[in-house]
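Worksheet: the structure to be examined is printed underneath.
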Amino acid sequence: MAELDKIPQKQSIEIELVKLDEGVLQSITELNQKAAGIIQEFGKIYVRKKEIELDLISMDEFLVQGQEELAATNKELRDIIDALDEQYPQGRINIQDGTIQYQPGAPTRKQQAEQQAQQAQQPASSGMKVVKE
């Protein structure tokens, strides 16, 4: 039997051609178009998502920079106000007319804060005084 395996054999494959029903062909065409449209929408969404991600990165960078600028601006403003408070204690600034109302001889805000800190460090008393008459 091993000899029979060595004999060349002819094989034939039959192929038939059949015309598809028009309804089936139309369904396939419509579904192919629908799939292509979905893939196109996926592509648009992917591109837009990347754009949004870049926008978010840019916004985060802007926020960090803005926070730093705001902190620096607030420090400059605080320095000016502190300097004005040294010169004009307990001052109230009117930006519209460019004036400042203040109490001459009053302690500055810095002096008040120091006094409050010292009082906080002192032991608490009952608030009553003993007076000898």
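Computed from the coordinates by the stated procedures, all read-outs in this text should not be read as laboratory data. Note that the structure is a prediction, hence the values are computed from the model and not measured. As a convention, Cβ positions derive from the backbone with ideal geometry for all residues, glycine included, and neighbour counts pool all protein chains shown.
Descriptive notes on the structure:
- Magnitude of the charge dipole, the chain, Cβ model with Lys/Arg +1 and Asp/Glu -1, debye to 20: 680 debye
- For trypsin sites (Lys or Arg not before Pro), the sites in the stretch 6-103 that DSSP calls loop and that have at most 15 other Cβ atoms within 10 Å are LYS6, LYS10, LYS19.
- For the stretch 13-74, the Cβ-based charge dipole about the Cα centre amounts to some 120 debye (Lys, Arg positive; Asp, Glu negative; other atoms uncharged).
- Unit charges at the beta carbon, dipole of the chain: most positive-side option, ILE100, GLY37, GLN118: GLN118
- Structure remark: mean-square fluctuation, Gaussian network model of the chain, C-alpha springs under 10 Å; the largest value among GLU86, GLU22, GLU41 belongs to GLU22.
- Solution diffusion estimate, µm²/s, Stokes-Einstein, the chain, Kirkwood Rh from C-alpha pairs, 37 °C, viscosity 0.692 mPa s: 126 µm²/s
- Gained length - GLU3 relative to VAL24, 0.36 nm times residue gap less alpha-carbon distance: 2.5 nm
- Evaluating 6.51 cos²θ - 1.76 cosθ + 1.60 at θ = phi - 60° for every residue in the stretch 58-69, the Karplus couplings come out as 4, 5, 4, 5, 5, 4, 4, 4, x, 5, 5, 5 Hz, glycine and proline recorded as x.
- Gaussian network model of the chain, springs between alpha carbon atoms under 10 Å - residue of ASP82, ASP60, ASP97 with greatest fluctuation: ASP97
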